[in-house]
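Heads up: the structure comes next, in structure tokens.
The values are calculated or read from the model by the stated rules, or taken from the named source; none is laboratory data. A quick note: this is a predicted structure, and the numbers were derived from the prediction, not measured. Note that each Cβ is placed from the backbone with ideal geometry, even for glycine, and that neighbours are counted across all protein chains shown. What goes into the accessible areas is simple: the full protein's heavy atoms, side chains included, and nothing from ligands, DNA or RNA. Shrake-Rupley method; radii C 1.70, N 1.55, O 1.52, S 1.80 Å.
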Amino acid sequence: MGEKVSLDAYLTNNPIEGALFFLGKKLSVKDDKGVVSGIIFETEAYGGAEDKACHGYGNRVTPRNKTLFQRGGIAYVYFCYGMHYLLNFVLGPEGIPMAVLIRGVWITEGKERVRERRKGIPEKHWADGPGKVTRSFGINDSDNGVSLIGDRIWVEYSGIVIPETEIKTTARIGVDYAEEWAKKPLRFVWEKK
DNA sequence: CTCTCGATTAGCT
DNA sequence: GCTAATCGAGAGA
């Protein structure tokens, strides 16, 4: 079992640094039936207040996004498209809206549990999208604001060091409305060779 | 109060 | 590649 990622890693004020940092790390979520874990392979960087694709754009605080303005090290979970929960890791000091969207995870532990939750879906597609990640891990709005260094959700060092050549950088997905921010290269995918 | 649309997914053509 | 599914947040009246 790897060392748990401590609070310091979440307090960066650079969302790109955060998004790259969490690639290759191991995410775990525990409930009364056990633990599901997996390696994060796709992330996107959001924030701060200038990012038109970020829910905290212009420092606009609303009931939904207030978690995003809290200090890093907690989960920002929100409901989207009427049917999906999306998981983010909040970054930075209090007052600055920054986060990493967790878009893809390779499930490594608790597979029986995920097989049940993702019934009928091939393993390859269990968690290869942000809404699929939350379904595989059983995350919902009750996890909004939960610590990422706690007993429910946590992240560990996996021992993996990803060669820079295996990290693909692209524009973020689904943010076409964000004008010039829609095209910025803030999505990071580990394409394992 | 009303209306629009979204940090998506799965299934079909 | 195309689109139905599905509903709450947020903005404006």
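What the table shows:
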| item | result |
| --- | --- |
| Accessible surface of residue A:141 - all protein chains present, 1.4 Å probe, nearest 10 Å² | 90 Å² |
| Residue A:17 - accessible surface, heavy atoms, 1.4 Å probe, Å² rounded to 10 | 100 Å² |
| Heavy-atom surface of chain A, accessible at 1.4 Å and reported per residue (Å²) | 50 Å² |
| R0 of 25 Å, Cβ-Cβ distance residue A:165-residue A:14: FRET efficiency to nearest 0.05 | 0.70 |
| Packing-based order for A:79-85, A:9-15, A:20-26, using average beta carbon neighbours within 10 Å, highest first | A:20-26, A:9-15, A:79-85 |
| Residue-span extension gain [residue A:176 to residue A:115] - 0.36 nm each, minus C-alpha spacing | 18.6 nm |
| Rg(Cα)/(2.2 N^0.38 Å) for segment A:27-131, N = residue count | 1.17 |
| In segment A:50-193, lysine pairs with alpha-carbon atoms under 17 angstrom apart (chain gap of 8 or more, or interchain) | 14 |
| Quarter of the Cα convex hull surface for chain A, i.e. its orientation-mean projected area (nm²) | 10.6 nm² |
| Rounded percent of accessible protein surface that carbon and sulfur make up, chain A, 1.4 Å probe | 52 percent |
